[in-house]
Each structure stands twice: as C-alpha cells, then as structure tokens.
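To start, the structure itself, in structure tokens.
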Amino acid sequence: MRQHFPALVGWVVYGALLGIISQALQDGAEYFFGPEPAPKAPAVSVNKRIVILGGGFAGMHAAECLEETLRGDASISLTLVVQTELMFCVGPRHRSRRCCRHPRRPYLRSVGVFG
C-alpha cells in the first residue's frame, strides 16, 4: 500500500493543476471575450402527441375516451394509426355471412386517423 502512495499524490497534484489551468483559461476567455450568451428559448411550443397503435375495439375505445377527456386542450394531439379505414364487426356466429363494416372517421372528430 505504501508503494502506491507517491503515485496517488502525483495524480492528485496533476488533477488539481489541470483544474486550476482549466479554470484560469475559462476566466481569461470570459474577461477578454465577454460572458457567454444565454441559450435562446425554443421558438416552437412543445405540444404533447398521443399515438394509439391499432384501431380495433380497444384502440377505438381508447381514442374515444381520450377525445372526450381532452376535448378542450389544444396543446394535445391524438393520432390513431390503423391498417384499414373500415372497422369490421363479425356476428356471433363467425360462419354466418353477417358482417358489418363501419368507417372510423365519423366516430372520431378531433382524432387524426392515419392509415
């Protein structure tokens, strides 16, 4: 352990000198060139985007509930990503030919349907 002590002291002195030189250079640059300008605030307002993947029954229900809950907030945009424009409903007996097709857009007024 004692054999490593001189090396440890050397590294501590090296780090301290490096910090002092770095601080002196920064202070000198600030003195000659002036203070660094403050960063500019972003020009674009930060909007929240909610993306719902899948427009099945759960995706449509989530989009309808979020649309109703966040109706007055213009800073939040809702997007529903679907594979097809139509929503298919099969009757209780899948072998029967009874099938209905409903377009998604009339149900969602402020949600962007993407697909």
Taking first residues from segment 24-51 that are closer than 30 Å to Glu64 by Cβ and second residues anywhere that are at pLDDT below 85 and of a type in the set (Ser, Thr, Tyr), the pairs with Cβ under 6 Å that are 6 or more apart or on different chains are Asn47/Ser75; Arg49/Ser77; Val51/Thr79
What number goes with the only condition from (1) among the aliphatic types (A, V, I, L, M); (2) modelled with pLDDT of 95 or more; (3) within 30 Å of Ala74 (Cα to Cα) that Ala16 does not pass?
(3)
Note on segment 3-61: residues touching a Gly at 6+ places or on another chain (Cβ under 9 Å) and not aliphatic (A, V, I, L, M) are Gly55
Restricting attention to segment 55-66, does a residue exist that is loosely packed, with under 10 Cβ neighbours inside 10 Å and assigned to a loop (DSSP other than H, G, I, E, B)?
no
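The values are calculated or read from the model by the stated rules, or taken from the named source; none is laboratory data. Note that the coordinates shown come from a computational prediction; the quantities given were computed from them, not determined experimentally. All Cβ positions, glycine included, derive from the backbone under ideal geometry; neighbour counts span all protein chains shown.
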